[in-house]
Amino acid sequence: MYKLIAVDLDGTLLNSYGTISEENRKAIKKVQKEGVKVVLASGRTTNSVKSLAEELGGNEYIICGNGSLIYDLKKDEIIYDKFIDKNKALQIIQICEQNSIYYNVYTEDMVIAKTLDNNVLFYHQENSNKPDSKKTKINLVDNIYEYVKNLEGKNILKFTISDKSSIIFNSIIKKLRNIRNIDVLDVAHMSRKMIKSGTEEVSLEYYYTEITSENVDKWNAIEWLAEKLEIEKEEIMAIGDNINDKLMIENAGLGIAMGNSDPLIKEIADKTVANNNENGVAEALLLIE
């Protein structure tokens, strides 16, 4: 019997438009009623993950910033964190600015960016269907370096770096890997998402990577939480689609890959289910019965 199920959001629980299907919602609520702890594990900000957890009736724990923190929803507090040092963040910003590459900074409650593009454009579109209390806060600023330098009372979860050109993207990745005490996620494929523009559907495609503090990973956070809850590794199920889900799928008692997963994730998973537009999470949850 699985006691803890870690579920990724983008490309997994959420469909291509950033919403949770009714089938997935019902499946999650069913296992929650049976006493299984469903933990959303995402690269998103705390507020964004929290709002989705509330949609599902979740009232225990969420993992944000790819494992940068664990938030206790009942106590309304952070119980585990590994943030990026501000000086290190400023170093990353300088490199991105010098190389004219698109990037954004994630704090616990907002995404800081210069313009609406790539992942930030997707969040902006997603926000149009949500009430203000559940929107991902996007803060557009002209000078991110100065803004972050003077930022007080905010912790930095991660960076997202992206570009539509693989040549530009790969050149910046090489430079970022020279920075000490950070982890640069090794993503080899393009992100593909859909947004609506009037009556038309528009595809967003871009190469991207994510930067966190050293040794930050969803699995490290899950392992810490499982130890706290006295749950064995064999009693954990993990469901995901991308490279930032690799360790949790590899190490959980049962690792599930989505049908739309990166090929490497499918290779290491115990089982592959339908894609994120065909209720793959609901299919995976049937395995706990």
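Every number here is computed from the coordinates shown, using simple stated rules; none is lab data. For clarity, every value in this text was computed on a predicted model and none was experimentally measured. In this analysis, Cβ positions are derived from the backbone assuming ideal geometry, glycine residues included, and neighbour counts consider all displayed protein chains.
Working note: Karplus 6.51/-1.76/1.60 with θ = phi - 60° gives region 142-156 the couplings 6, 10, 5, 4, 5, 4, 5, 4, 9, 6, 10, x, 10, 9, 9 Hz, where Gly and Pro are set to x. Among the GluC sites (Glu not before Pro) in region 1-109, those located in a DSSP loop and surrounded by at most 11 other Cβ atoms within 10 Å of their own Cβ are 34. Based on alpha-carbon centroids, what's the gap between region 238-267 and region 89-163 in Å, whole number please? Cα centroid of region 238-267 versus Cα centroid of region 89-163: 27 Å apart. Computed over every Cα-Cα pair of region 46-199 and binned at 5 Å starting from 0, the pair-distance distribution P(r) comes out as 2, 8, 17, 20, 21, 17, 10, 5, 1, 0 percent. Which of rounded, prolate, oblate describes region 170-287, given a ≥ b ≥ c as roots of the alpha-carbon gyration tensor eigenvalues and a/c under 1.5 marking rounded, otherwise prolate only if a/b is larger than b/c? Note, shape of region 170-287 comes out oblate. Taking DSSP loops as anything outside H, G, I, E and B, show the longest stretch in the chain free of trypsin sites (Lys or Arg not before Pro) there with at most 10 other beta carbons within 10 Å. Maximal segment without exposed cleavage sites: 181-289. For chymotrypsin sites (Phe, Trp or Tyr not before Pro), the sites in region 9-87 that DSSP calls loop and that have at most 15 other Cβ atoms within 10 Å are 17.
Amide H to amide H distances under 5 Å link residue 191 with 206, 207, 208, where only residues 5 or more positions off or on other chains count and H is placed in the peptide plane. Amide H contacts of residue 138 (H built 1.01 Å from N, in plane; Pro and chain starts excluded): 111 sit under 5 Å, all sequence-distant by 5 or more or on other chains. Panel order for 285, 116, 56, by other beta carbons found within 10 Å of each beta carbon, from fewest to most: 116, 56, 285. The GluC sites (Glu not before Pro) of region 149-216 meeting both criteria, a DSSP state outside H, G, I, E and B (loop) and at most 16 other C-beta atoms within 10 angstrom of the site's C-beta, are 152, 214. Amide H contacts of residue 80 (H built 1.01 Å from N, in plane; Pro and chain starts excluded): 70 sit under 5 Å, all sequence-distant by 5 or more or on other chains.
In the chain, Cα pairs under 8 Å separated by at least six residues give a relative contact order of 22 percent. Counted over the chain, the DSSP beta bridges are approximately 65% antiparallel. Among the listed pairs 82/246; 88/175; 82/174; 3/74, those whose Cα-Cα separation exceeds 22 Å are 82/174.
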